[in-house]
Amino acid sequence: MAAPPPPDPQFVLRGTQSAVHALHFCGGAQGQGHPLLLSGSLSGLVHIWSLQTRRAVATLDGHEGQCVTWLQTLPQGHQLLSQGRDLKLCLWDLAEGRNAVVDSVRLESIGFCRGSVLARGHQHWTLAVPGRGSDEVQILEMPSKTSVCTLKPEADAKPGMPMCLELWQANSSPRPLLLAGYEDGSVALWDVSERKVCSRIACHTEPVMALDFDSQKARGVSGSAEKALAVWSLDEQQALQALRTQELTNPGIADVKIRPDRKILATAGWDHRIRVFHWWTMKPLAVLAFHSATVHCVAFATDGLLAAGSRDQRISVWSLYPRT
């Protein structure tokens, strides 16, 4: 039997007025229960979308017309971080209908590397951002903005610029760890407290554009400008090991995300396609062809909804393989 054709989007959000470069789902306002979708655009605006009315309920303008590359809500739920190409990371207070910038961090690097955040209790969090030196990562304790350390590769490593970052913590240890994908195609695991690389593997021949990590299964996936996804794992000795390469039809992955239930993953492709894979077997499940330009970003909601943002100024929202 032929496989059924891929579904259409459940709905499409229009009105960003420029290319969509960042997406993030967050829980709805207290008592409403419905998730909100945040989008960051090339024109520097952050739109907050209601998935009930399918309209923008607020527009945040804090990046002086410069592209918004990363969005992340903090554990409190009403605080939002937005990173822009204006070398600024803004902290927004969204509680009770407010949308004010309450703090900001000056960034040292104008590259494409998105930050990463690790919650340390309700009031404090650790932030990783690209550092002043082209190959450096800066670790800050927030909200005090205290510099914890600068992670600088060994003199002979020469991995180039960090392109993507993922802070995380093993259940068995209070020490933060950082996965970093670099310009030379390698992925490195840093012990932040020791300021040293525990392990590094060459995953790609092109810069690592995106990675995601499943800390429960100690497995990660990365995408680059080439025609392949790399799947790798982390052993008990904190050594990274290449597991497999998943060939793709066309080159160029802009983003990759594992669904919160760790069943499937989605990629954002330069070829205008969203590709969906089974996370454990990497079996291709669907190719979603809706957008007419590069797909820059994908995001999953906790209920399993998938959103994709594109250079065509549209955000597609999909319901795929509903969570059981």
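The values are calculated or read from the model by the stated rules, or taken from the named source; none is laboratory data. Remember, predicted model here, so these are calculated numbers, not experimental data. Note that each Cβ is placed from the backbone with ideal geometry, even for glycine, and that neighbours are counted across all protein chains shown. Only protein heavy atoms, including side chains, enter the accessible area calculation; ligands, DNA and RNA are left aside. Shrake-Rupley method; radii C 1.70, N 1.55, O 1.52, S 1.80 Å.
Anything in the stretch 59-98 that is under 21 Å from Gly131 (Cβ atoms), touching a Gly at 6+ places or on another chain (Cβ under 9 Å), part of a loop (DSSP other than H, G, I, E, B) and of a type outside the set (S, T, N, Q)? List them, or say none.
His63, Cys67, Arg85, Asp86
Mind listing whichever residues of the stretch 9-55 are at pLDDT 90 or above and either of a type in the set (Phe, Trp, Tyr) or open to solvent by 50 Å² or more (accessible area, probe 1.4 Å) (or both)?
Once the filter is applied, which keeps residues that are at pLDDT 90 or above and either of a type in the set (Phe, Trp, Tyr) or open to solvent by 50 Å² or more (accessible area, probe 1.4 Å) (or both), the stretch 9-55 yields Gln10, Phe11, Arg14, Gln17, Phe25, Leu42, Trp49, Gln52, Thr53, Arg54, Arg55.
To keep it simple, each residue is scored yes or no on (1) charged (D, E, K, R); (2) within 25 Å of Glu183 (Cα to Cα).
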residue: Glu247; (1), (2): yes, yes
residue: Asp261; (1), (2): yes, no
residue: Ile264; (1), (2): no, no
residue: Thr281; (1), (2): no, no
residue: Ala289; (1), (2): no, no
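Name every residue in the stretch 115-127 that is in contact with a strand residue (DSSP E or B) (Cβ under 9 Å, 6 or more places away or on another chain) and free of Cβ contacts under 8 Å to residues at least 60 places away in the same chain, in order of residue number.
Applying the first criterion (in contact with a strand residue (DSSP E or B) (Cβ under 9 Å, 6 or more places away or on another chain)) to the stretch 115-127 yields 115-120, 124-127.
Within the stretch 115-127, Gly115, Val117, Leu118, Ala119, Arg120, His124, Trp125, Leu127 qualify.
Every residue, every condition in (1) touching a Phe, Trp or Tyr at 6+ places or on another chain (Cβ under 7 Å); (2) without any contact (Cβ under 8 Å) to a residue 24 or more places away in the chain; (3) among the aromatic types (Phe, Trp, Tyr), yes or no:
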site: Leu42; (1), (2), (3): no, no, no
site: Cys67; (1), (2), (3): no, no, no
site: Ser82; (1), (2), (3): yes, no, no
site: Asp93; (1), (2), (3): no, yes, no
site: Asp103; (1), (2), (3): no, no, no
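Mind listing whichever residues of the stretch 201-211 are assigned to a strand (DSSP E or B) and crowded, with 20+ Cβ neighbours inside 10 Å? Walk me through it before giving the result.
From the stretch 201-211, those assigned to a strand (DSSP E or B) are 201-202, 208-211; that's our starting set.
Across the stretch 201-211, the qualifying residues are Val208, Met209, Ala210, Leu211.
Taking His122 as meeting all but one of (1) in contact with a Pro (Cβ under 8 Å, 6 or more places away or on another chain); (2) farther than 24 Å from Pro207 by Cβ; (3) in a strand (DSSP E or B), write down the number of the exception.
With (1) in contact with a Pro (Cβ under 8 Å, 6 or more places away or on another chain); (2) farther than 24 Å from Pro207 by Cβ; (3) in a strand (DSSP E or B) applied to His122, the lone miss is (3).
Let's see how each residue does on (1) open to solvent by less than 10 Å² (accessible area, probe 1.4 Å); (2) β-branched (Val, Ile, Thr); (3) out of contact with any Ser or Thr (no Cβ under 6 Å at 6 or more places or on another chain); (4) not in a strand (DSSP E or B):
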residue	(1), (2), (3), (4)
Leu127	yes, no, yes, no
Gly133	no, no, yes, yes
Gln138	no, no, no, no
Ser144	no, no, yes, yes
Ser147	no, no, yes, no
Ala155	no, no, yes, yes
Pro174	no, no, yes, yes
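Give the number of residues within the stretch 260-275 that are within 18 Å of Lys217 (Cβ to Cβ) and of a type outside the set (D, E, K, R). Let's see the steps before the verdict.
Restricting attention to the stretch 260-275, the residues satisfying the condition of being within 18 Å of Lys217 (Cβ to Cβ) are 260-266.
Now drop any that are not of a type outside the set (D, E, K, R), which leaves 260, 264-266.
Matching residues across the stretch 260-275 total 4.
Please work out which residue is most open to solvent (accessible area, probe 1.4 Å), limiting yourself to the stretch 300-319 and to residues that are in a loop (DSSP other than H, G, I, E, B), out of contact with any Pro (no Cβ under 7 Å at 6 or more places or on another chain) and closer than 22 Å to Pro5 by Cα.
Ser319
Between a first residue in the stretch 223-237 that is closer than 14 Å to Ser186 by Cβ and hydroxyl-bearing (Ser, Thr, Tyr) and a second residue that is open to solvent by 10 Å² or more (accessible area, probe 1.4 Å) and part of a strand (DSSP E or B), which pairs have beta carbons less than 6 Å apart while being 6 or more apart in sequence or on different chains?
Ser224/Met209
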